[in-house]
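Peer 1: What follows is a single structure, and I will ask about it in a moment.
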There are 2 protein chains.
Amino acid sequence: MSETKLPRPTDGELAILRVLWARGDSTVREVHEALTRNEPEGTGYTTVLKLMQIMTEKGLVERDETQRAHVYRAQATEQRTQRQLVTDLVDRAFGGSPARLAMQALSSKKTRPEELAELRRLLDTLEGDEE
Amino acid sequence: MSETKLPRPTDGELAILRVLWARGDSTVREVHEALTRNEPEGTGYTTVLKLMQIMTEKGLVERDETQRAHVYRAQATEQRTQRQLVTDLVDRAFGGSPARLAMQALSSKKTRPEELAELRRLLDTLEGDEE
DNA sequence: AGATGTCAACGAAGCCCTTCGTAGATGCAG
DNA sequence: CTGCATCTACGAAGGGCTTCGTTGACATCT
């Protein structure tokens with residue numbers, strides 16, 4: 001029904017989505033400013049606008065046109081998008097094994113102790129459920 | 001330091017790399033047959049050939065031309081490529097936190113108990129090193 | 001040698017992503 | 001009202017990915 005599968009966002013689209021998740025609903029100008037704040041010499045205003053128009057066609061974002069400056073919101077939550085990206089990658093590069101991806105992730109980059117502890121709690125839950 | 005950074009493989013390229021990792025060095029025909037075995041109505045022979053030629057230019061694979069049927073090998077190991085893809089995704093979609101990616105991965109898909117145990121051992125190691 | 005089959009190479013077409021220039025609409029200050 | 005700023009819309013250009021048809025080289029079989 002209404003939950004048609006959204007396409008995998010491109011790198012540029014993902015950058016915009018991250019702004020929308022962080023700031024909440026935003027105009028093109030706000031997104032553009034957020035993007036160029038971290039990355040001067042980044043993308044021009046009309047580039048961001050065009051991307052967001054295309055994202056609207058794809059259903060990645062929704063647009064409120066009641067104001068002159070249209071207000072955009074991410075259609076999918078950050079969690080949902082992360083889940084999609086992860087399962088995609090698991091299938092494409094990890095032979096369908098989420099654990100191997102998880103181990104690769106933890107081995108690649110230093111992780112804060114609190115996060116390790118949190119992960120351990122999740123592990124406890126999963127092993128409890130196992131059968 | 002001949003380790004120039006390889007570009008991120010596209011979906012099609014990754015499919016070919018997976019064949020090379022699984023089978024070892026292969027000719028175009030062998031890769032094509034492996035791909036169409038799982039996915040009839042997949043890609044044509046010349047398409048695979050073209051892709052592998054481009055991958056050679058990019059440095060993703062190396063080519064041995066001493067035989068009439070050239071033999072290709074993956075330039076980077078599966079592990080190295082997985083690591084690259086994971087750190088990429090962590091930066092692009094998880095705010096740089098590998099643990100959050102790991103948790104998302106484990107929550108998304110059912111994981112076998114042995115793998116959970118293995119992951120737990122890795123966690124022990126990491127927490128041991130912590131300070 | 002001639003016919004047949006396999007192979008790499010090349011180029012073109014189609015599509016998508018990104019970028020940006022420009023035009024037209026709208027709001028605002030004077 | 002006029003001029004300026006802001007915003008959306010549109011279209012085109014450039015590059016990358018994917019697909020495939022065709023060509024020429026090479027091998028094999030008869």
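Read-outs: derived from the displayed coordinates by stated rules, not from any lab. Source: prediction; values computed, not measured. Quick reminder, even Gly has a Cβ in these numbers, built from the backbone with ideal geometry, and neighbours come from all protein chains shown.
Peer 1: Taking region B:46-96 as the search range and keeping residues that are in contact with a helix residue (DSSP H, G or I) (Cβ under 7 Å, 6 or more places away or on another chain) and polar (S, T, N, Q), which one is farthest from A:Ala93 (Cα to Cα)?
Peer 2: B:Thr87
Peer 1: Hey, does region A:92-99 have a residue that's within 16 Å of DNA strand D (Cβ to nearest atom) and at the interface with another protein chain (Cβ under 9 Å from one of its Cβ atoms)?
Peer 2: Checked against the condition, which is being within 16 Å of DNA strand D (Cβ to nearest atom) and at the interface with another protein chain (Cβ under 9 Å from one of its Cβ atoms), region A:92-99 yields at least one hit.
Peer 1: Could you list, in sequence order, the residues of region B:61-91 that are of a type in the set (D, E, K, R) and either in contact with a Phe, Trp or Tyr (Cβ under 7 Å, 6 or more places away or on another chain) or more than 16 Å from DNA strand D (Cβ to nearest atom) (or both)?
Peer 2: Result: B:Glu62, B:Arg63, B:Arg73, B:Glu78, B:Arg80, B:Arg83, B:Asp91.
Peer 1: Tell me, yes or no, whether region B:85-94 has at least one residue that is free of Cβ contacts under 8 Å to residues at least 24 places away in the same chain, of a type in the set (D, E, K, R) and part of a helix (DSSP H, G or I).
Peer 2: yes
Peer 1: Still on this structure: If you go through region A:60-78 one residue at a time, do you hit one that is buried (at least 19 other Cβ atoms within 10 Å of the Cβ), within 14 Å of chain B (Cβ to nearest Cβ) and among the polar types (S, T, N, Q)?
Peer 2: no
Peer 1: Still on this structure, I have one more. Condition check: in contact (Cβ under 8 Å) with a residue 12 or more places away in the chain and touching a Leu at 6+ places or on another chain (Cβ under 9 Å). Does A:Leu101 satisfy that?
Peer 2: yes
Peer 1: For region B:19-37, give me each residue that is under 15 Å from B:Gln82 (Cβ atoms) and buried (at least 21 other Cβ atoms within 10 Å of the Cβ).
Peer 2: B:Leu20
Peer 1: Pairs, please: C-beta under 7 Å, at least 6 apart or cross-chain, first residue part of a helix (DSSP H, G or I) and in region B:50-71, second more than 9 Å from DNA strand D (Cβ to nearest atom) and of a type in the set (Phe, Trp, Tyr)?
Peer 2: Filtered contacts from region B:50-71: B:Met52/B:Tyr72.
Peer 1: Can you tell me which residues in region B:24-47 are more than 14 Å from DNA strand C (Cβ to nearest atom) and away from chain A (no Cβ under 14 Å)?
Peer 2: Across region B:24-47, the qualifying residues are B:Gly24, B:Arg37, B:Pro40, B:Glu41, B:Gly42.
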